[in-house]
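Structure incoming, see below.
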Amino acid sequence: MDSLFNAAYNNDISIKTRKEAIKNIEDYLGQRANDSTKRKCYLRVASRYYVINDLKGEYNSVVKAYKLALKVKDTNIIARSCMYIGHNYLNRNMMDSAFYYNYKATTFYPITKDKNTQKRALSNLSLILKTVKDYDKSEQYAVEALKVVEKDSNYAAKYGVYNTLGRLFMQTNKLSLALDYHEKALKATEQFNNKQQSYRLRLKSQSLINIGVTMMLQGYHKEAEEYFKEADDINVLSKQYPINYAYLLENRAYNLHKLGKTDIMPLFKRALEVHDSINSKSRGNAELLLANYYKDINKIDSSFYFAKKAYLSSKEESELDQELKALHLMAQTDDTSKKPYWYETYLSTQDSVAKNNRQQQEKFALIAFNTENIKKEKQFAEDERDKANTRFWSALAISSLFAFALVMVYINRNRKLKNKELKLAQKELEANETIYSLMLDEQFKIEQGKHIEKKRISQELHDGVLGKLSGIRLNLFVLNKKRDNETVEKCLPYIKSLQEVEKEIRAISHNLSQDLFSDQVNFTKMVSGLFENIAGHSNLKLKLYFDELIDWKTVSNTTKIEVYRMLQEGFHNIQKHAKANNVVVRMVQNETDIIVELIDDGIGMSSSNISNGIGLKNMKERADKINAKLTIESQTNKGTVLSVAIPKAF
């Protein structure tokens, strides 16, 4: 078998030749009996298919190993096969199946004690949850994987966990943590044993690229180039792992552009050629970098062209994050009347992605719940069956006279177990119905609380403020008839009472203002409510986007109030002057600021209106109060973009 695998492992020969060698191995394995060597070799074949990016071949080989292992109850191969199948589904963006098989693989760990399989399955689960933006659980699985291998001498296994954590923290923009773990992964490659040397350089190159990309994102372009150059000089990726080689080329090209280099197009072209040669699903990333490059050098038409290509590539491969980035860039670079359409498509896609992520998270939780229940029920049934068998055979050994009775006991016990399982299923269904009922009750209580609060405020205004004003009005009415000094003197206390009413109204207003912006949920609800109020008496088409990573709880009430008032003023100006059809509000963040944008497709404003309008002056004053930067960009008949940059150091 080792001699047959020599060609399959030879990274210096062409992919076509290696694929022929793999097929020869499969033909040979098909003639062998179902022994441990055959099952293990099918998994080795699967790994060879994965290296040459043949996911279909990888899947078929793993399934063969899985079915053979099930026939003989080979728990180790079953667990490893589940992990391989889950990883294959992950690479094909079939997340439900990917989560199910990887989670199933972890359930065998108490029996197999196979740390490598457990580590890889947990890492895969972390990557799966990262794709649906469940970052807390993603980090939890990655840390569990680290615990499995942290005291082990298998540095290749540690490398995988460090790399997973590094990629996770890059996704959540925690670049310092990402850099720490990618550096740990790089150090781990220096500790590989002799058997791991064949792929040490490939993994080392991968870590060098990851460090380079992280530094590039931090703005350290000179340091990033040193890591990219070192990875390129190792010169193994083009043959061993072409998709990572393309990733190196495209990121190095963009980083060189940031360093002021101009001769970078050959690198971009080579990256696209590599993507095409292996039918890569990651071509969209290269096209997106090209679009950003052309935007940076102010070639807007070329930027839009590659942004659109990135959008189509990402959409075809269901790469939702890249699809959103491409749409946003298209909206920025399209100089036609379709600009609002791209913004609308971007926001609509964002909403769909967020909804899909929530649904996927719920599915994964249900899969994990059901898998654990099946595992517990199976274990319970097996334990009960073993106990029943022990009692049965012990009684049979004592006397054959009790054989029939013991058989009946055994049958009765099995019947009871089945009844018990049915009752457990019924209780679970009842519990789910109870939870649903409680959710409905909770929603009703929330609405009821809103109604009571409205009624309380109404009564307070009617019975308190309005009652006092009515009394004062009646007592002052006498001034219409008599205005002598004595009458005026008697009326003075009632005039002073107006000050008390004023204080009471101010107190009610102050309490309402404090409650209105008490937390993140209320703030987003109030902005949404502002939208709904405008939509109710206007023909404007409105789109609202909140970046889910913004933590509004850290923003002061004063800041949120001023932002809300600026949005009110902006909407008022649009309705009164802009003659717009579409309005978009975006709230996003970068490393230093929270950006609030109000975008319309109206008639625009002249420079004199921008500087002289009273409403705009008010907004500038509000921005100054919270140390925010207000900018307004407007072109005649092309609409207006009002942007407020709020520093994160509140």
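The values are calculated or read from the model by the stated rules, or taken from the named source; none is laboratory data. Model, not experiment: these values are computed from the prediction. As a convention, Cβ positions derive from the backbone with ideal geometry for all residues, glycine included, and neighbour counts pool all protein chains shown. These area figures cover heavy atoms from the full protein model, side chains too; ligands, DNA and RNA do not enter into them. Shrake-Rupley method; radii C 1.70, N 1.55, O 1.52, S 1.80 Å.
Take segment 584-593 and flag every residue that is in contact with a helix residue (DSSP H, G or I) (Cβ under 9 Å, 6 or more places away or on another chain) and either under 24 Å from Thr172 (Cβ atoms) or assigned to a helix (DSSP H, G or I) (or both).
Arg586, Met587, Glu591
Among the residues of segment 26-41, write down those that are over 24 Å from Thr117 (Cα atoms) and in a helix (DSSP H, G or I). Give the steps one after another, and end with the answer.
Here is the first cut: in segment 26-41, the residues over 24 Å from Thr117 (Cα atoms) are 27-28, 30-33.
The answer is Asp27, Tyr28.
Would you mind finding the one in Asn116, Asn91, Asn60 that is under 25 Å from the mean Cα position of the chain (by Cα) and surrounded by fewer than 22 Cβ atoms within 10 Å (Cβ to Cβ)?
Asn91
Between a residue in segment 594-607 that is under 7 Å from Thr640 (Cβ atoms) and any residue that is open to solvent by 50 Å² or more (accessible area, probe 1.4 Å), which pairs come within a Cβ distance under 7 Å, given they are 6 or more apart or on different chains?
Listed by first residue and then by second, the contacts come to Gly602/Lys579; Gly604/Gln635; Gly604/Thr636; Gly604/Asn637; Gly604/Lys638.
Which residues, taken from segment 167-177, are out of contact with any Asp or Glu (no Cβ under 8 Å at 6 or more places or on another chain) and closer than 19 Å to Leu125 by Cβ? Let's see the steps before the verdict.
Taking segment 167-177 and keeping what is out of contact with any Asp or Glu (no Cβ under 8 Å at 6 or more places or on another chain), we get 167, 169-172, 174-177.
Of everything in segment 167-177, those that are out of contact with any Asp or Glu (no Cβ under 8 Å at 6 or more places or on another chain) and closer than 19 Å to Leu125 by Cβ turn out to be Arg167, Phe169, Met170, Gln171, Thr172.
Answer yes or no: is there a residue in segment 233-243 that is without any contact (Cβ under 8 Å) to a residue 24 or more places away in the chain and within 24 Å of Arg92 (Cβ to Cβ).
no
Is there a residue in segment 566-583 that is assigned to a strand (DSSP E or B) and either under 26 Å from Gln350 (Cβ atoms) or open to solvent by 20 Å² or more (accessible area, probe 1.4 Å) (or both)?
yes
I'm trying to understand the selection: among the residues of segment 281-305, which are under 18 Å from Gly260 (Cβ atoms) and among the hydroxyl-bearing types (Ser, Thr, Tyr)?
If the condition is that a residue be under 18 Å from Gly260 (Cβ atoms) and among the hydroxyl-bearing types (Ser, Thr, Tyr), then Tyr293, Tyr294 are the ones that fit.
Just checking, which of Tyr181, Tyr220 is at pLDDT below 95, open to solvent by 30 Å² or more (accessible area, probe 1.4 Å) and of a type in the set (Ser, Thr, Tyr)?
Criteria check complete, one pass: Tyr181.
Give segment 147-174 a look and list any residue that's under 17 Å from Tyr109 (Cβ atoms) and either in contact (Cβ under 8 Å) with a residue 24 or more places away in the chain or crowded, with 22+ Cβ neighbours inside 10 Å (or both), or say none.
Residues satisfying the conditions are Val148, Val149, Asp152, Asn154, Ala157, Gly160, Val161.
Could you tell me which numbered condition Thr214 fails, if it satisfies all but one of (1) of a type in the set (S, T, N, Q); (2) crowded, with 22+ Cβ neighbours inside 10 Å; (3) within 27 Å of Ser47 (Cα to Cα)?
It is condition (3) that Thr214 fails.
Does segment 525-537 contain at least one residue that is touching a strand residue (DSSP E or B) at 6+ places or on another chain (Cβ under 6 Å) and modelled with pLDDT of 85 or more?
No, segment 525-537 contains no residue that is touching a strand residue (DSSP E or B) at 6+ places or on another chain (Cβ under 6 Å) and modelled with pLDDT of 85 or more.
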